[in-house]
1. How much length, in nm to one decimal, is gained on full extension between Arg67 and Tyr151, taken as 0.36 nm per residue of separation minus their Cα-Cα distance?
2. Between Ile175 and residues 5 or more places away or on another chain, which pairs have amide H atoms under 5 Å apart, with H built 1.01 Å from N, and which residues are they?
3. Could you pull the accessible area for Asp233 with a 1.4 Å probe, rounded to 10 Å²?
4. Where Rh denotes the Kirkwood radius from the mean inverse Cα pair distance, what is Rg over Rh for the stretch 148-257?
5. Show Glu51, Glu86 ordered by accessible area, largest first, where the area counts protein heavy atoms only and the probe is 1.4 Å.
6. By how many nm would the segment from Ile182 to Arg243 lengthen if fully extended, with 0.36 nm per residue of separation less the alpha-carbon distance?
7. List the residues whose amide H sits under 5 Å from the amide H of Phe196, counting only those 5 or more places along or on another chain, with H placed 1.01 Å from N in the peptide plane.
8. Please report the accessible area of Arg235 (heavy atoms, 1.4 Å probe, ligands and nucleic acids excluded) in Å², nearest 10.
Amino acid sequence: MENWKIKLFIIGTYILIVSCYVFYKNYNIANEREQDRQDREYFYNHNATFEEITENGKVSVKELVERNLRDYLQKLYKLDNFSEDEIEIMRHKRGDWKLRNTYSDYEDCTLYNSSKTNCRFWKIDKNLNLKKLMNIVSKICDNNGSVKANYEEILKSNPLPKKELFDPFAQKDLIDENGDFIENFIYIKPFFYKGFKIDFFTNYAFIEKRDKRYYVLIPQNPHFIVFASELLDDRIDFGRVCRHYENIYDKSIDELEEFYYFKKIAIHDKSYTAKIADYERFSEARYSSEFDFEISTKWKDKINKIKNLENKLQYKGENDEF
């Protein structure tokens, strides 16, 4: 009889402890969700001001660009480069629906390249532009979109653009006082089976207010991106290069350079909690390779205006959004 009472007491105690744990866990989850809801409500309703992001002039525009660009680069790199022990943690940070998606990136960037990572930053020629790329492509592609049979011979006298490993985190500055990149660099993420993603950090940066938030914007030409992405990667798809060339071979460089899209990096202000800041950075990094641009020349005048400024960081665009 006594043994029965002891067993009942143990079972009851166990049930009580489990019930308290479940209640405590659910209570914390509910509080966390409510705090998250309040944070997001404040974030989406907060209208950032230029005075706020510069702390009433204590922080220069250059410092703003540098600080947020470096933070973005760190998140971009960390999104892909992590150890096997971090896969579960990174799944939640990245917002992956399936663990397999996280593991796939671990394979692409780490597992299949021994102790080194495939996903790296590279420095490219500061003078590389669309005109130089078109000069190479026009020699190896026919106007009908096919690769010339003797393209390998042609490339001997028309070498492809070069790249070298680059560590942006070791640089004292990434942009100069005028907003121009001191070095043009890229981030390449090759996929194990096929394809790659390349992010470009080239030419110059400026800030712009879109809706309620300020962003660092880096103008990019889609035609330059298509050609440079292929010709700078180690696994060049000349067929894709020539198919794109077929659509634009009869256009002038001036016509092709009228098209833009923008790499957009949020400038953090007081509305960003740590969780929201991380979420936004990882979202920016995940979708940074998408060509979200309009085939339109409506931005031409604005871009020309900014390019002609000696100091691109003078432009604020507060009342001239796009």
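The values are calculated or read from the model by the stated rules, or taken from the named source; none is laboratory data. All values reported here derive from a predicted model rather than from experimental measurement. Every residue, glycine among them, receives a Cβ derived from its backbone with ideal geometry; neighbour counts consider all protein chains shown. Heads up: the accessible areas ignore ligands, DNA and RNA and are worked out on the full protein's heavy atoms, side chains in. Shrake-Rupley method; radii C 1.70, N 1.55, O 1.52, S 1.80 Å.
1. Computed gain between Arg67 and Tyr151 is 25.9 nm.
2. When sequence neighbours closer than 5 places are left aside, the close amide H contacts are Ile182.
3. Around 10 Å² of this residue is reachable by solvent.
4. 1.01
5. Result of the area sort, largest leading: Glu51, Glu86.
6. 18.7 nm
7. Result for Phe196 returns Phe191.
8. Looks like 100 Å² after rounding.
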